[in-house]
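The values are calculated or read from the model by the stated rules, or taken from the named source; none is laboratory data. Values in this document were obtained by computation on a predicted structure and should not be read as measured data. No Cβ is skipped: glycine too gets one built from the backbone with ideal geometry, and neighbour counts run over all protein chains shown.
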Amino acid sequence: MNKYKLNKNYANNFQVFLSDIREYFHRNKNTIHKARNELKVINHEKVDTVVKSFRIPNILNQIVYSFFRDSKANKSYEYSLKIGDFTPEPIGYIEFYKSIFLKESYFISKKFEYDFTIREPLLDPEFPDKEEIFKAFARFTLELHNWDIFHNDYSPGNILVKKENGHYIFKIVDINRMKFFKLTQKDRAKNFSKLWASDEILTLIAKEYQSAYGCDNKFIERVLYYSNKNKRIKNFKKRLKGQEVND
């Protein structure tokens, strides 16, 4: 048994691709990320797609996703449709069941040809045009927030950047844990906490955001507070595991 949805823009050419995605995925060797989940770039009908294979959930989550909650693949697809141009174009998702329990699930989107993620300018002191990138990123984040979008994993690897005609275009990925609500200034400041950026860069970003939005005078202070709080928590957990700590 399986459940799926296919974007109407791709219905004519991707029906078989979606239903046979396990075979396509197994044959393809173009892995671009592999951790808990695996992502591969697969070309079909002259369209480069990114296929995300979600890890088979444990038995408890198999029950939860089968009866009580939408799967991560399902949410990735539905959220992509909901937020439109903020993320790469969704093509579809499919879930495979054994008996009545969810086992494998896949989310397919059109590949966004980005130039770099926000991580590169964050880490590279010599990265060109850094100040303009971060100011553009601040304005992009403000637009997200004004659409009541809170990305729960707003981290550097999940923010894609492309320079086009002298302007920077941003897309967000890994969106299955997003939330939608009216954001307070506290929520807005907190959403920068997982960037793992220096206080100097965060201040630049927060000032641009504050200038465009008209936040109160404590906004920059809040951004730095939540960022440093997140760093302390993450580093504490690393110390407990005996791992190397990053500033």
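Here are some notes:
- In summary, S19 fulfils each of the numbered conditions (1) polar (S, T, N, Q); (2) touching a Phe, Trp or Tyr at 6+ places or on another chain (Cβ under 9 Å); (3) surrounded by fewer than 18 Cβ atoms within 10 Å (Cβ to Cβ); (4) within 23 Å of I172 (Cβ to Cβ) with the single exception of condition (4).
- Test result for I94, β-branched (V, I, T), touching an Asp or Glu at 6+ places or on another chain (Cβ under 9 Å), crowded, with 20+ Cβ neighbours inside 10 Å and over 23 Å from E208 (Cα atoms): yes
- Across the stretch 121-142, the number of residues qualifying as within 16 Å of the chain's Cα centre (by Cα) and either within 15 Å of K194 (Cα to Cα) or without any contact (Cβ under 8 Å) to a residue 24 or more places away in the chain (or both) comes to 2.
- Test for H151: is it surrounded by 13 or more Cβ atoms within 10 Å (Cβ to Cβ), within 19 Å of A212 (Cα to Cα) and modelled with pLDDT of 95 or more: no
- Which listed residue, of Y93, Y10, Y24, is touching a Phe, Trp or Tyr at 6+ places or on another chain (Cβ under 7 Å), among the aromatic types (F, W, Y), within 20 Å of K171 (Cβ to Cβ) and not assigned by TED's automatic domain parsing to the domain that holds Y168: Y93
- Selection count, the stretch 188-222, where residues are part of a loop (DSSP other than H, G, I, E, B) and basic (K, R): 1
- Within the stretch 175-187, restricting attention to residues that are in contact with a Lys or Arg (Cβ under 8 Å, 6 or more places away or on another chain) and assigned to a helix (DSSP H, G or I), the residue that is nearest to N37 (Cα to Cα) is K186.
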